[in-house]
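The values are calculated or read from the model by the stated rules, or taken from the named source; none is laboratory data. Keep in mind it's a predicted model, so treat the numbers as computed, not measured. All Cβ positions, glycine included, derive from the backbone under ideal geometry; neighbour counts span all protein chains shown.
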Amino acid sequence: MAGETALHEDRDRVYRERFDRSLRAHLRTLITPALIEEYRASPLGQHSDDLERVLNYFRRAPFEGKYVLFELEANRAYKIVTTTGADGGLPEDVDGTVYTDKNEALHAVFLKRVAALMAGDG
C-alpha cells in the first residue's frame with residue numbers, strides 16, 4: 001500500500017511540473033511591452049485578461065525566493081526583498097534601492113518577476 005502511495009505522489013509531482021512548465025511557456029508569450037505598460041500605468045485594480053493570468057501566476061508562486069515589497073516607512077519608503085520561506089527567516093534585500101512611490105515600487109517588483117519568468121524553466 002505504501003508503494004502505491006509513493007507511486008501516486010510521484011506521478012502527481014511529474015504532472016504538476018509538466019503543467020507548470022507548459023503554463024510558464026504560455027505566459028511568456030503574453031509578456032509584451034504593452035502588457036508591461038498596462039501594469040505600470042495601473043498596478044492596482046482591474047486588468048486585461050492576459051495581465052490577470054500573469055499576475056495570478058505570480059501570486060501563487062512558492063513563498064521561498066519570492067520578490068515582495070517591504071515597507072520601510074508607512075506609505076513613504078519601500079524596497080524589494082526576497083523571502084526565505086523559513087519560519088522566522090529574514091527577507092533578503094535585493095539591490096538596496098529605496099522607492100518613495102508605491103506604484104513605482106510595485107512596478108519594480110513586477111519587472112523582477114517578469115525577468116524571472118522570461119529567464120527560463122526555473
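Is it the case, given these coordinates, that Glu52 is among the charged types (D, E, K, R), within 20 Å of Arg24 (Cβ to Cβ) and at pLDDT below 95? Judged against the criteria, Glu52 is not a match.
Within the stretch 4-22, at least one residue is in contact (Cβ under 8 Å) with a residue 12 or more places away in the chain and out of contact with any Cys (no Cβ under 7 Å at 6 or more places or on another chain). Taking the stretch 53-95 as the range and being assigned to a loop (DSSP other than H, G, I, E, B), over 18 Å from the mean Cα position of the chain (by Cα) and charged (D, E, K, R) as the test, the residues that pass are Arg76, Asp87.
Test Ile36 against the criterion of being in contact (Cβ under 8 Å) with a residue 40 or more places away in the chain and under 18 Å from Val114 (Cβ atoms), and give yes or no.
Answer is yes for this residue.
For the stretch 43-52, filtering for residues that are more than 15 Å from Leu111 (Cβ to Cβ) and either assigned to a loop (DSSP other than H, G, I, E, B) or aliphatic (A, V, I, L, M) (or both) leaves 5.
Condition check ((1) in contact with a helix residue (DSSP H, G or I) (Cβ under 9 Å, 6 or more places away or on another chain); (2) among the small types (Gly, Ala, Ser)) across all residues:
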| residue | (1), (2) |
| --- | --- |
| Leu30 | yes, no |
| Tyr39 | yes, no |
| Arg53 | yes, no |
| Ala61 | yes, yes |
| Glu71 | yes, no |
| Ala74 | no, yes |
| Gly85 | no, yes |
| Asp93 | no, no |
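Apart from one condition, Ala105 fits all of (1) in a helix (DSSP H, G or I); (2) under 25 Å from Gly120 (Cβ atoms); (3) small (Gly, Ala, Ser); the exception is (2).
No other residue among Ala116, Ala61, Ala77 is among the small types (Gly, Ala, Ser) and either surrounded by fewer than 11 Cβ atoms within 10 Å (Cβ to Cβ) or over 26 Å from His26 (Cβ atoms) (or both) apart from Ala77. Being touching an Asp or Glu at 6+ places or on another chain (Cβ under 7 Å), surrounded by 10 or more Cβ atoms within 10 Å (Cβ to Cβ), farther than 24 Å from Thr100 by Cα and at pLDDT 95 or above holds for only one residue in Leu23, Leu30, and it is Leu30.
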